[in-house]
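Enquirer: First, the structure itself, so that you have it in front of you.
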Amino acid sequence: MTLAETFALVSFSLFSFADLRYRLVPGIEVFLLGAILLTLPITPLQTGFILLACGWSIFRNLSGWYMLPLLFYPPVWPVLLTGYGYRKGILGRADLFAISGLACLFPLPAVLLSLFGLELWRRFWVRRQTGSIPALPGLLIGLIAYLLLRLFLSTS
């Protein structure tokens, strides 16, 4: 397991517990900063595009035309989708930062599997609980699924 994978797995484990227990995720900004620092020397272009998409999501006064060129770069799509949800008030800032950090650290299939894990978690949560859905445990489920699939498919 690489340093980026270990960093993401440990961080998401702690953040998932905090999200379930307190509905507040302290330190998610530190996770995003750590993901940026880990990936900036290796893939500066991808990290820069993800930061642009994350910045567009946070600063609501920026036009949608600002993001049009990023639509041609597929690893940014999950961040743009989450950013749109943040702009509309559907998702929280911690969810946006978590997906942005994952998009920095992992390839597109890992981020998409994390979003699929979030959907599975949402379906489980709606049947058992009421109220807002903590997103980070679902992202952790998808991340674990990606790491296990990669482990089993690479050794076979």
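Enquirer: Let me make sure I get this right: for region 1-52, a, b and c are the square roots of the gyration tensor eigenvalues over alpha carbons, sorted descending. Under 1.5 in a/c it's rounded, otherwise prolate if a/b > b/c, else oblate. Which is it?
Expert: It is oblate, given that a/c is not under 1.5 and a/b is not larger than b/c.
Enquirer: Express in whole angstrom the spacing between the alpha-carbon centres of region 68-117 and region 1-45.
Expert: 14
Enquirer: Moving on to the next point. As a test of the formula, what do you get for the chain when each DSSP H run with n ≥ 4 contributes -39,500 (n - 2.57) and the sum is divided by the residue count, at 222 nm and rounded to the nearest 500 deg cm²/dmol?
Expert: My calculation for the chain gives -24000 deg cm²/dmol from helical runs alone.
Enquirer: Each residue of region 39-45 in turn: what ³J(HN,Hα) in whole Hz from Karplus with 6.51, -1.76, 1.60 and θ = phi - 60°, glycine and Pro shown as x?
Expert: 9, 4, x, 8, 10, x, 5
Enquirer: Based on the mean of other Cβ atoms within 10 Å per residue, sort peptides 121-130, 69-78 so the most packed one is first.
Expert: Ranked by mean Cβ neighbours within 10 Å, highest first: 69-78, 121-130.
Enquirer: Please express the Cα-Cα pair-distance distribution P(r) of region 65-151 as a list of whole percents, one per 10 Å bin, running from 0 to the bin with the greatest distance.
Expert: Histogram of Cα-Cα distances, whole percents per bin: 18, 48, 28, 7, 0.
Enquirer: So I have (1) -0.45, -0.74, -1.17; (2) -0.27, -0.67, -1.34; (3) -0.45, -0.97, -1.42, and one of them is log10 I(q)/I(0) by the Debye sum over Cα atoms at q = 0.09, 0.14, 0.20 Å⁻¹ calculated from this model. Which one is it?
Expert: (2)
Enquirer: Obtain the nm distance between the two label points defined at residue 84 and residue 58 by a simple spin-label model: each point lies 7 Å from its Cα along the Cα-to-C-beta direction.
Expert: Here the answer is 2.2 nm between the modelled labels.
Enquirer: Just add up the charged neighbours of residue 58: K/R +1, D/E -1, any other residue whose Cβ is under 14 Å from the Cβ of residue 58.
Expert: Every neighbour counted, the sum reads +2.
Enquirer: When Lys and Arg each count +1 and Asp and Glu each count -1, what net charge do the other residues less than 14 Å away from residue 79, Cβ to Cβ, add up to?
Expert: Here the charged neighbours net out to +1.
Enquirer: Given a cut-off of under 8 Å on Cα pairs at least six residues apart, what relative contact order in percent is computed for region 3-155?
Expert: Relative CO of region 3-155 lands at 28 percent.
Values in this text are rule-based calculations from the coordinates and carry no lab data. Bear in mind the structure is a predicted one, so any value in this text is a computation, not a measurement. All Cβ positions, glycine included, derive from the backbone under ideal geometry; neighbour counts span all protein chains shown.
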